[in-house]
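Accompanying notes for the structure given below.
Readers should treat all values here as calculations from the given coordinates under stated rules, not as data from a laboratory. Here the structure is a predicted model, which is why all the values come from computation and not from measurement. Because the Cβ atoms are built from the backbone with ideal geometry, glycine has one as well, and the counts that use them run over all protein chains shown.
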Amino acid sequence: MDAVQRERSEQARLVAGVAEGDRGALAALYDAYAGPLYGFALRRLGDAALAEELVQQVLLQVWRHAGRYDPQRGSVRTWIMAIARNATVDLHRRRPADRPTWPLPDRAVPDENDELEHLLQAEMVRAALERLSHEHRRVLELVYFRGCSQAEAAEQLGLPLGTVKSRTYYALKAFRLALEELGEAP
C-alpha cells in the first residue's frame, strides 16, 4: 500500500470513528481540513465570518452524516469538499442583500489555497473517472489525456472509428453524471 492509499485508509477510519461518536476522530478531521476549508470558503464567499461559519457547518455535517460516507464512492477529501461546495451555495443564498461583498485581493488568501483547489478538482476528476467502465476510461485517457485523435485511439484500441466516437460521446456523458453525483457541476 503506497502513502496515498494509507492516507485515504486512515481518513476513512477517522470517518468511521466519527460515525461511532469518537470526538477525537472528529478533532483529527478538523485539524486536517479546517484550514483548507476556511481558505476555500474565504475565496468563494469573500467574507471571513461566513468562511468560519462554513467550516463549522461542514464539520457538523461530517459529524451528523459520517455513517453515510461510502469509501467506494470517493475519498474522504472528495466527500468533505462536496459538502463544502453545497454549504457555500447555501451560505451565499442566505447572505442578506444589504450585506456587501468585497472582492479579496489575490494576496489575501495564501497561494497554497490555489494549489489546494487544483488538488481538490483533480481528486474530483479522479473519483469521477473511477466510476466509469474500463472501456470509457480508456477512450477518455487516450483522447483527452494523451491527446490522441479519435482515429489514433481507434487504431490503438483495435476498434472501428465509429465505435470510438460513440464510446467517447457516452464516456463524456457518464463522466458528467459522475461529477454531478459527487457534487461537482461541470
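With R₀ fixed at 30 Å, the C-beta to C-beta distance from Asp2 to Arg68 puts the FRET efficiency at about 0.65. The Tyr144 and Ala49 beta-carbon pair, evaluated with R₀ = 41 Å, returns a calculated FRET efficiency of approximately 0.50.
In this calculation the C-beta distance from Glu155 to Arg176 is compared with R0 = 30 Å, giving a FRET efficiency of 0.65. Sites listed here are GluC sites (Glu not before Pro) in region 1-37 whose DSSP assignment is loop and whose Cβ has at most 11 other Cβ atoms within 10 Å: Glu20. For the pair Asn86 and Leu60, label points projected 7 Å from Cα toward Cβ lie 1.5 nm apart.
A protection proxy built from the mean count of other Cβ atoms within 10 Å ranks the segments 60-69, 144-153, 73-82, most packed first, as 73-82, 60-69, 144-153.
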